[in-house]
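To start, the structure itself, in structure tokens.
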Amino acid sequence: MVNINDYTPIVGQGTIDELFLLAQRLQGKIIQNINSTAVGGGVAEILTRIIPLLRQLGVDARWDVIKGNERFFGITKKIHNALHGVNIEISPQDLEYFLETNRDNAQEMNLYGDILFIHDSQPIALVEKKKEIGKKWLWRCHVDFTRPKQDIMNFLRSYIEKYDAVVFSAPPFAIDINLPQVLISPSIDPLSDKNKELPPEIIAPVLERFGIDKSRPIITQISRFDYLKDPVGVIKAYKMCKKHIDCQLILAGGGATDDPEGLIVLEEVKSAAADDPDVHILLLPPASDIEINALQRASTVILQKSLKEGFGLTVAEALWKAKPVIAGAVGGIPIQITHKYSGILTHSIEGTAYYLKQLINEPEYAKRLGENGREHIKNNFLITRHLRDYLLLFLSLYYEGDIIYL
Ligand code: UDP
């Protein structure tokens, strides 16, 4: 178990002292986080790391997960896709079922928090309970909200409006709403198994286990198998690059319990890969953090060719390892990558292939991008910054004029 003081060598004593000072002011308040899956995807990843650290700081932070059946998660995935601008119809019956499931959860769950911190759209309607139980309610949106489908946005808006404040991951996601909107980007934990330093003796056996040849360039994308991560586009870009360079591709991903589309996408990925022995499609079980860390560290170039992206933790994870990253210029990715300074932003498969070749052929340039990227992540996207932002956000809910009412 990581100790909060273990971060001192990375971020300095002042940062840690400040966290304790802020946390003290929240004594006696329970922060109840609620989302829709305990494993898989960025939201669960962050909560897993941040809750124990908040508790070490003395904040009573807890985490509960809503329940839903296959139909519910089928509908929430459609809502998720519609928020990302996919033109998809969601019937009134489906929306009613979505609300019913939220109401069932609101009845069955113990909503004991002083602050109810609701993550993403799946549990958004729990806020209907506010009129009955009061409390402070925060809605944290983790998805790319740049061009949501308007009917779904309007449906969600009637719930968003009931919250005390909303939190977004990047500036383009702000919405026109009469509520405090707070920008808090996600973060990575530099001391987690996924991000800590790994010696070569740990990395080499992982490559061996997956049949990857470390003497030839390795291109990697780590992502849930989701259309919006464009894994088929990744394979096409790799194939263009492969015509010129003898390289390998790793597409590693696992499922998330709230994402029913994964298996369909995986099948499409397998058929796009055909039987190229240099394409490694790895279906990783949950808690494969060391493996992911090792694969990222062993890579020559890391891709995150998303078509939509709330933030893209995988980008921060790769940059923290000083890896050259080529990523889609979408959603929260441009706040992590400045094009040709701390990585490469792309808009197409052809562009991705072009930069793949360049970064493999010019290792010095690739190294410089990675180093600049690491510095940027260190200054902006580590978990200690995230903790500070959350503590300030929680405190702000009790702030009126120049007095904090606690
Ligand atoms: N991840 C993982 N196993 C996988 C695929 C992804 O642990 O098989 C992790 C990945 O390392 C990252 C998170 O899940 O920490 C994905 O977060 P991101 O913001 O990149 O995308 P999301 O899945 O939330 O859309």
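The values are calculated or read from the model by the stated rules, or taken from the named source; none is laboratory data. From a predicted model like this one, the values you see are computed outputs, not experimental measurements. Note that we place each Cβ from the backbone using ideal geometry, even for glycine, and neighbour counts take in every protein chain shown. The protein model used for the area step is the full one, side chains on, heavy atoms only, and it has no ligands, DNA or RNA in it. Shrake-Rupley method; radii C 1.70, N 1.55, O 1.52, S 1.80 Å.
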So how far, in whole Å, is the C-alpha centre of the stretch 128-147 from the one of the stretch 19-60?
17 Å
What size of dipole, in debye to the nearest 20, comes out for the chain about its Cα centre when the only charges are +1 on Lys and Arg C-beta atoms and -1 on Asp and Glu C-beta atoms?
600 debye
Only four residue types carry charge here, +1 at the Cβ of Lys and Arg and -1 at the Cβ of Asp and Glu. Report the dipole size of the stretch 227-316 about the Cα centre in Debye, rounded to the nearest 20.
400 debye
Principal axis dimensions, largest first and in whole angstrom, of the stretch 53-189 by Cα
45, 35, 30
Compute the convex hull volume of the Cα atoms of the stretch 19-115, divide it by the residue count, and report the result per residue in Å³ as a whole number.
117 Å³
What does the extension gain come out to for residue 130 and residue 193, with contour length at 0.36 nm per residue minus their alpha carbon separation?
18.9 nm
The chain, convex hull of Cα, quarter of hull surface, nm² -> 19.6 nm²
Heavy-atom accessible area per residue - the stretch 221-344, 1.4 Å, Å²
34 Å²
Solvent-accessible surface ranking, highest first, for 314, 146 at 1.4 angstrom:
146, 314
With point charges of +1 on the Cβ of Lys and Arg and -1 on the Cβ of Asp and Glu, referenced to the Cα centre of the chain, which listed residue (361, 91, 228) lies farthest in the positive direction of the dipole?
361
Around residue 244, under 15 Å between beta carbons, what's the net of Lys plus Arg minus Asp minus Glu among the other residues?
+2
Just subtract the alpha-carbon distance of residue 289 and residue 60 from 0.36 nm times their residue separation and send over the number in nm, one decimal.
79.8 nm
In nm, to one decimal, how far is the residue 20 label point from the residue 5 one, both placed 7 Å along Cα→Cβ?
0.8 nm
Charge context of residue 85, other residues only, Cβ under 11 angstrom, K/R +1, D/E -1:
+2
Which one of 337, 383, 203 has the biggest mean-square fluctuation once the chain is modelled by GNM with Cα springs under 10 Å?
203
Round to the nearest 10 and give me the degree value, 0 to 90, for the angle of helix 262-273's Cα axis relative to the longest principal axis of the chain.
10 degrees
May I ask for the net charge around residue 278, where only other residues with Cβ less than 15 Å from the Cβ of residue 278 are counted and Lys, Arg are +1 while Asp, Glu are -1?
+3
Hand me the GluC sites (Glu not before Pro) from the stretch 197-259 located in a DSSP loop with no more than 14 other Cβ atoms within 10 Å, in residue order please.
197
Answer rounded, prolate or oblate for the stretch 346-406, using the Cα gyration tensor with square roots of eigenvalues a ≥ b ≥ c: rounded when a/c is under 1.5, else prolate when a/b is larger than b/c, else oblate.
prolate
From the cross-link list 239/340; 149/194; 194/242; 130/305; 196/367, which pairs have alpha carbons spaced over 31 Å apart?
149/194; 130/305
Connecting every pair of Cα atoms under 10 Å apart in the chain and solving the GNM, the largest mean-square fluctuation among 166, 65, 330 falls on 65
Round to the nearest 10 and give me the degree value, 0 to 90, for the angle of helix 70-83's Cα axis relative to the longest principal axis of the chain.
80 degrees
Here the FRET efficiency for residue 274 versus residue 398, based on Cβ atoms and R0 = 56 Å and rounded to 0.05, is 0.45
Compactness summary of the stretch 244-378: radius of gyration and Dmax from Cα atoms, Å, are 14.7, 42
Whole number please: convex hull volume per residue of the Cα set in the stretch 140-268, in Å³?
177 Å³
Please determine, in degrees from 0 to 90 and to the nearest 10, the orientation of helix 150-160 with respect to the longest principal axis defined by the Cα atoms of the chain, where the helix direction is its Cα long axis.
50 degrees
Please list, by residue number, every one of the GluC sites (Glu not before Pro) in the stretch 1-103 that is coil in DSSP and has at most 16 other beta-carbon atoms within 10 Å.
89
Once the dipole of the chain is set up from charges on Cβ (+1 Lys and Arg, -1 Asp and Glu), the residue from the list 125, 237, 280 lying farthest towards its positive end is 237
Would you mind telling me which residue in 281, 250, 377 has the biggest mean-square fluctuation in a Gaussian network model of the chain, where springs connect alpha carbons within a distance under 10 angstrom?
281
Rounded to the nearest 20 debye, dipole of the stretch 336-388 from Cβ charges on Lys, Arg, Asp, Glu:
280 debye
Taking 7 Å along the Cα-to-C-beta vector as the label spot, tell me the residue 209-residue 99 distance in nanometres, rounded to one decimal.
4.8 nm
